[in-house]
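The structure appears below as structure tokens.
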Amino acid sequence: MRSGAKNLKFLEDMAKVASGAAASFGDIRAQVKTLVGGFLAEMDIITRDEFERVEALAQKARERQVELEKRVAALEAKLKRPAGKKKK
């Protein structure tokens, strides 16, 4: 029975060590994330969210540009037609 008690004590100790290690890794992860975040802020690097917002704005601007180019082309075509002839 003594051997069983020692094994149980050993397993309990290992569980405590593992639990402490897991908590330490969580703390280390949080510290690394903070350090990397600070480093990126100093480097003036944007976040993924900021990039996606700007990308969406650029896409809308491009679509609007294409639309306006078509309108300008239609107006220019209208101006080039001889007077008196209307498009049907």
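Among Leu79, Leu8, sorting on how many other beta-carbon atoms sit within 10 Å of each Cβ, with the fewest leading, yields Leu79, Leu8. Comparing Glu63, Glu52, Glu76 in a Gaussian network model of the chain, where Cα atoms under 10 Å apart are tied by springs, the biggest mean-square fluctuation is seen for Glu76.
Of Leu35, Leu11, Leu68, which has the largest mean-square fluctuation in a 10 Å C-alpha GNM of the chain? Answer for the Gaussian network model of the chain: Leu11. Ellipticity at 222 nm from helices only: DSSP H runs of n ≥ 4 in the chain, each -39500 (n - 2.57), divided by the residue count, give -31000 deg cm²/dmol. Running a GNM on the chain with Cα contacts under 10 Å, which residue among Asp44, Asp13, Asp27 ends up with the highest mean-square fluctuation? Looking only at Asp44, Asp13, Asp27, the biggest GNM fluctuation is shown by Asp13. Charge tally for Glu76 (other residues, Cβ to Cβ under 12 Å; Lys, Arg +1; Asp, Glu -1): +4.
Does anyone have the angle between helix 2-42 and the longest principal axis of the chain? Alpha-carbon axes, 0 to 90°, nearest 10? Around 30 degrees separate the two axes. For the pair Ala77 and Glu52, label points projected 7 Å from Cα toward Cβ lie 3.9 nm apart. Helix 48-80 and the long axis of the chain differ in direction by around 10°, with both axes built from C-alpha atoms.
Values in this text are rule-based calculations from the coordinates and carry no lab data. Everything numeric in this text was worked out from a predicted model, so none of it was measured. Every residue, glycine as well, gets a Cβ built from its backbone with ideal geometry; the counts of neighbours run over all protein chains shown.
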